[in-house]
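The block underneath contains the structure these notes are about, expressed in structure tokens.
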Amino acid sequence: MTQQIAVVGGGTGGTVVANKLAEKLGPEIDAGEVAVTLLNDGPDHVYKPVWLYVAFGQREPADARRPLRDLLDDRVTLVSNRVRTVDTDGKRLRLEDGPGMDYDYLVLATGATLAPEEVPGLVEGTHHFYGEAGATALRDELADFTEGHLVLSVVGTPHMCPAAPVEFVLMADDWFRERGVRDDVEITYTYPIGRTHGKESVAEWADPRFAERDIGVETFFNAEAVDPDAKTITSMEGTTLDYDLLVAIPPHRGDEMIRESGLGDQGWVDVDRHTLEATAAEGVYAIGDTADLSIPKAGSVAHYEAGVVADRLASQVRGQVPTATYDGKTMCFLEAGMDEATFISFDYQHEPVLRDESRPVHWAKLAYNESYWLTARGLL
């Protein structure tokens, strides 16, 4: 009987794990002993880090998309359908359209979704760069913004790409300086806890750069409400900021299918942090943003986790004891402006160390953005 491996979600984690499974289990797939199916609720793969550059007019929305079929190994079956629920006892997926699907092993890579409606006024009163519509609308606002108060407020944590809010204000500072209007633009950055970033080393790197570039900071600022008419954002701590342009990092939640399947109240799946196996269901893994781990919701995390899960599944379908484990490896670039960047690398045992920014690292980030599609194919 053919062993069925189902992968739900066609983002970085899902695409990479499907391709790695096809590579590792090629002989078994060719012999009909194993089948790998990727289910996604749309035909495209989206590389989300591009949206930050779209906001500044440096990339086009089309640069973030490729047909998912073009990125997948031919031995992977692609199903364009939304998974509504998972019956983990019966090992069956219920789909939005058509019959369901049985599985022997399941990888959940459903990512994160935005939930701005959780904060009153956030939908009507703010912009963001965490999706195509938000990034293009923000691009148009920035193009006409020559004076006033720009506030970047990190409203929800955890959120995708934790470095992006820091990147945005440093890039905005350069953006306005290049246009000769920085003296007419006030920039303020807010963060919910008592420092400017969840990672202390990132905060220590960012703080002096914010100070020398005259970027205001409000910590312990947990946004409670936005008044789009008065153009104010108020925190639970009682602080109110006036703004002319508000860029918010909205609250994030996991896919509703995770909640409806009883795998996680907020849409994140509780997993063993080394094996990435779901604690509440047998034969289920979760990777990337879907996994409820105290590490960044970043593409590199999904990439590294995908390799571990592919190794473990290859062992399991062959009747071997899986030994591959994930050590928390994370690597992220961090733009320090429009033409310089640094990078962060750490794992469960080692805290990140940030180096001084440089142009070569900025160029390396741009080069990676261009070569990302090879990563998605499992070639890097």
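Listed values, structure above:
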quantity	calculated
Among 342-348, 89-95, 298-304, the order from most to least packed when residues are scored by Cβ within 10 Å on average	298-304, 342-348, 89-95
Mean Cβ count within 10 Å, highest first, over the residues of peptides 109-117, 132-140	109-117, 132-140
Placed amide H near PHE343: partners under 5 Å, 5+ positions off or other chain	LEU334, ARG355
Rg(Cα)/(2.2 N^0.38 Å) for the stretch 187-342, N = residue count	1.33
Rounded if a/c under 1.5, otherwise prolate or oblate - the stretch 176-233, Cα gyration tensor axes	oblate
The chain, relative contact order [Cα under 8 Å, separation at least 6], %	19 percent
Heavy atoms of SER358: accessible area, 1.4 Å probe, square angstrom to 10	30 Å²
Hull shadow area, averaged, the stretch 260-380 [alpha-carbon convex hull, nm²]	9.2 nm²
Binned Cα-Cα distances of the stretch 250-328, short to long, each 10 Å bin given as a whole percent	20, 49, 27, 4, 0
Heavy-atom accessible area ranking, 1.4 Å probe, most first, across LYS199, LYS48	LYS48, LYS199
Fraction of antiparallel bridges per DSSP, the chain only, in percent to nearest 5	45 percent
Percent accessible area from carbon and sulfur atoms, the chain, protein chains only, probe 1.4 Å	46 percent
Partners for LYS20 among lysines (Cα-Cα distance below 27 Å; same-chain residues under 8 apart left out)	LYS48, LYS91, LYS297, LYS329, LYS365
Over the chain - Rg/Rh using Cα atoms and the Kirkwood inverse-distance radius	0.99
Dipole of the chain [Lys/Arg +1, Asp/Glu -1 at C-beta], most positive-end residue of LEU293, ALA143, TYR130	LEU293
Residues of the chain: accessible area per residue with a 1.4 Å probe, Å²	42 Å²
Accessible heavy-atom area order of MET171, MET101, highest first, probe of 1.4 Å	MET101, MET171
Accessible area in the full protein assembly, largest first, 1.4 Å probe, for ASP144, ASP207	ASP144, ASP207
Rounded if a/c under 1.5, otherwise prolate or oblate - the stretch 1-133, Cα gyration tensor axes	oblate
Cα centroid separation, the stretch 1-62 to the stretch 137-178 (Å)	30 Å
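The values are calculated or read from the model by the stated rules, or taken from the named source; none is laboratory data. Just so we're clear, the structure is a prediction, and the values are computed from it rather than from any experiment. Quick reminder, even Gly has a Cβ in these numbers, built from the backbone with ideal geometry, and neighbours come from all protein chains shown. Heavy atoms of the whole protein, side chains included, go into the accessibility calculation; ligands, DNA and RNA do not. Shrake-Rupley method; radii C 1.70, N 1.55, O 1.52, S 1.80 Å.
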